[in-house]
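What follows is a single structure, written as structure tokens, with notes after it.
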There are 2 protein chains.
Amino acid sequence: MDMQLLEKGLSAVEEAMMAIVDSDVNVLYDASEHILSSGGKRVRPRVAFLAYLAAGGNEIEQVVPMATAVEMVHTATLVHDDINDHSVLRRGRPTVHSIWGRTFALLTGDYLFAKVYQMMAPYGSRQNVIMSNACTRLVEGETLQATAAKAGEMDQETYKEVISRKTASLFEAAARMGAIQAGADEALENALAEYAYNLGLTFQIVDDILDIIGDPETMGKPIGTDVSQGRGVMVAQNGHAAEMVLEETAVSAPNSVEQMINDLRESGAVQLARFQAQRVAQRAREALTAVPPSPARDEMEDLIEQVLNRDS
Amino acid sequence: MDMQLLEKGLSAVEEAMMAIVDSDVNVLYDASEHILSSGGKRVRPRVAFLAYLAAGGNEIEQVVPMATAVEMVHTATLVHDDINDHSVLRRGRPTVHSIWGRTFALLTGDYLFAKVYQMMAPYGSRQNVIMSNACTRLVEGETLQATAAKAGEMDQETYKEVISRKTASLFEAAARMGAIQAGADEALENALAEYAYNLGLTFQIVDDILDIIGDPETMGKPIGTDVSQGRGVMVAQNGHAAEMVLEETAVSAPNSVEQMINDLRESGAVQLARFQAQRVAQRAREALTAVPPSPARDEMEDLIEQVLNRDS
């Protein structure tokens, strides 16, 4: 039953996203549709729904607008990130800015962001505060990352702060808003938030690992993008390898990104990052022990493994 | 009394803006502070406060967060616009992207935008819908403008649509939200909204005129920016002059912007635009006849003249 509701909710999110970006300004609709229809794992709305279900909620449509809003925040930041990173491929398709140019990509991101709050308007003040705080944290995380990349300094502490803000905060907000919607008490809300926060950390560390060892075809984007900008997980995870790599970046030889990836693959940094991913995944599992058993909780457990073991 | 409340509200907005952008991520605070402290006319928060007062409200602090939010939306779009327009000066200071670069400017705009909804969270769903719709319209207006500029086609109808969405919508939202906060009935809310919408149109037409005939020193930015991007008001206002000008743009002679400005100054297009500004200003005045007399209403009348006659 729970999982049927989940699937129902997730397909309602797909519909809601397409409906809300409708506009007589064609480029905004076209560019929004392009990025929204390109797939994506929808892991954040999934977390919102599961938290709601695990906290005893059973009117899934109540969560659809907020779950949609969460995915739209994520999508808006992808569009803006791709401008800043000069990325040309995303989910196997050309990025918005590589098709429509930088000006329209910037506006499309803003448009998606404006729509987020249209979706959030029906909810109470507390959920709106949670959402806007998550957006603030997300932008702060991106900014910390860009600052560290520019300075060529990404130490472990900064890396943790970056992934906490840019990724884990929105996961946490999704769970917290879902839990509140189900009327969860404070302890349950916090347990679900703790789960989602650590799931988000796991997700991002794995993402950064895939940037080093992933198969570009499976992932639908080139690897090495993060590393080439001095912000890959490895730089943060393995002091010595990191220094070597950073020095090479400074030299900026033609093959340096390829070389950096090879160095990182051989340095043991990937293994170290996997270990760290396991550690935060374990925290996510532990948080679930405070959540009453249910099919939704089982699914949340499975989701940790899926996030850990994904190859795209 | 009313006008003391207005001044109190406006200085509270200055404080609230600085307080809300505080962050341990220095560049976000620095860049936000840079743009927020650079002055600006604060005409949008003024409209929110005046609508509230004219509708009988007397607890001005209730309106401070929303008035702040409105100014922050405007500020966020300035930061993003300046990226897209490659502008280097704004309010007599270097633009955010010219100091901090494009990546941080994009993130600063996103940051300000995230803060908008932090300020809006205490308000009810209706005001939040109004705000997010205004943001949507604003982005649509910017996009229509960029589309028309790119195509080299800005006819009168498109021009009206652009200024309606990119400028008048947020003015209207400010008044509507203020009126709702004061508990205005529907007729009064609509009259105040109609006033603000037309004030916004007036404001934008005058802005576009100043881009042609303004004094760069008084304005704190160069003139001709809009014209050079094929989107100046005049192009839309005077068919014949417009065609001439557009043809010249196509040739793209070194002095073409200067030449275009001269042509426009001599073509009678500025006079035509002034006439149109007068016409929408008159609609703003007429809307006020449905508003009960008060010091706030007098101030709203004065504001029309200030907007019409401003030189910066």
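The values are calculated or read from the model by the stated rules, or taken from the named source; none is laboratory data. Everything numeric in this text was worked out from a predicted model, so none of it was measured. Every residue, glycine among them, receives a Cβ derived from its backbone with ideal geometry; neighbour counts consider all protein chains shown.
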Next item on the list: Could you list all residues from the stretch A:98-111 that are of a type outside the set (D, E) and within 9 Å of chain B (Cβ to nearest Cβ)?
Entry: A:G101, A:R102, A:T103, A:F104, A:L106, A:L107, A:T108, A:G109, A:Y111
Next item on the list: Identify, from the list B:D30, B:D24, the residue that is surrounded by fewer than 16 Cβ atoms within 10 Å (Cβ to Cβ) and not aromatic (F, W, Y).
Entry: B:D24
Check: How many of the residues in the stretch B:146-160 are more than 9 Å from every other protein chain (Cβ to nearest Cβ) and among the hydroxyl-bearing types (S, T, Y)?
Finding: 2
Note to self: Can you tell me how many residues within the stretch A:75-92 are under 17 Å from A:G39 (Cβ atoms) and at the interface with chain B (Cβ under 9 Å from one of its Cβ atoms)?
What the structure shows: 2
Checklist line | Count of the stretch A:50-105 residues which are under 21 Å from B:T108 (Cβ atoms) and of a type in the set (V, I, T) | finding: 7
Notebook entry, point to check: Yes or no: B:S38 surrounded by 20 or more Cβ atoms within 10 Å (Cβ to Cβ) and either of a type in the set (A, V, I, L, M, F, W, C) or on the phi < 0 side of the Ramachandran plot (or both)?
Noted result: no
Note to self: For the stretch B:256-312, which positions are of a type in the set (V, I, T) and modelled with pLDDT of 95 or more?
What the structure shows: B:V280, B:T289, B:V291, B:I304, B:V307
Item checked: Filter pass, B:V64 being touching a residue at least 24 places away in the same chain (Cβ under 8 Å), buried (at least 24 other Cβ atoms within 10 Å of the Cβ) and under 26 Å from B:P292 (Cα atoms) -> no
Notebook entry, point to check: Just one of the numbered conditions (1) at the interface with chain B (Cβ under 9 Å from one of its Cβ atoms); (2) part of a helix (DSSP H, G or I); (3) under 30 Å from A:M18 (Cα atoms) is not true of A:A168; which one?
Noted result: (1)
Margin query: So, in the stretch A:192-234, exactly how many residues are assigned to a helix (DSSP H, G or I) and either in the same structural domain as A:L50 (by TED's automatic domain parsing) or at pLDDT 70 or above (or both)?
Written below: 25
Margin query: If a residue must be part of a helix (DSSP H, G or I) and either of a type in the set (F, W, Y) or more than 13 Å from chain B (Cβ to nearest Cβ) (or both), how many such residues does the stretch A:54-65 contain?
Written below: 5
Checklist line | Criterion: within 14 Å of chain A (Cβ to nearest Cβ), modelled with pLDDT of 95 or more, under 25 Å from A:M131 (Cβ atoms) and out of contact with any His (no Cβ under 6 Å at 6 or more places or on another chain) - qualifying residue of B:Q118, B:Q181, B:Q127 | finding: B:Q127
Notebook entry, point to check: Any idea which of (1) more than 14 Å from chain A (Cβ to nearest Cβ); (2) under 15 Å from the mean Cα position of the chain (by Cα); (3) modelled with pLDDT of 95 or more is the one B:L36 doesn't satisfy?
Noted result: (3)
Notebook entry, point to check: In this structure, does A:E189 turn out to be at pLDDT 95 or above, surrounded by fewer than 24 Cβ atoms within 10 Å (Cβ to Cβ), part of a helix (DSSP H, G or I) and more than 14 Å from chain B (Cβ to nearest Cβ)?
Noted result: yes
Item checked: Qualifying residues in the stretch A:1-40 (those that are without any contact (Cβ under 8 Å) to a residue 40 or more places away in the chain, in a loop (DSSP other than H, G, I, E, B) and of a type outside the set (G, A, S)) - the one nearest to A:G220 (Cα to Cα) -> A:D22
Next item on the list: Kindly check whether there is at least one residue in the stretch B:2-13 that is closer than 16 Å to B:K115 by Cβ and under 16 Å from the mean Cα position of the chain (by Cα).
Entry: no
Notebook entry, point to check: Could you say which residue among B:T95, B:T143 is out of contact with any Pro (no Cβ under 9 Å at 6 or more places or on another chain), within 7 Å of another protein chain (Cβ to nearest Cβ) and either more than 14 Å from B:L170 (Cα to Cα) or of a type in the set (K, R) (or both)?
Noted result: B:T143
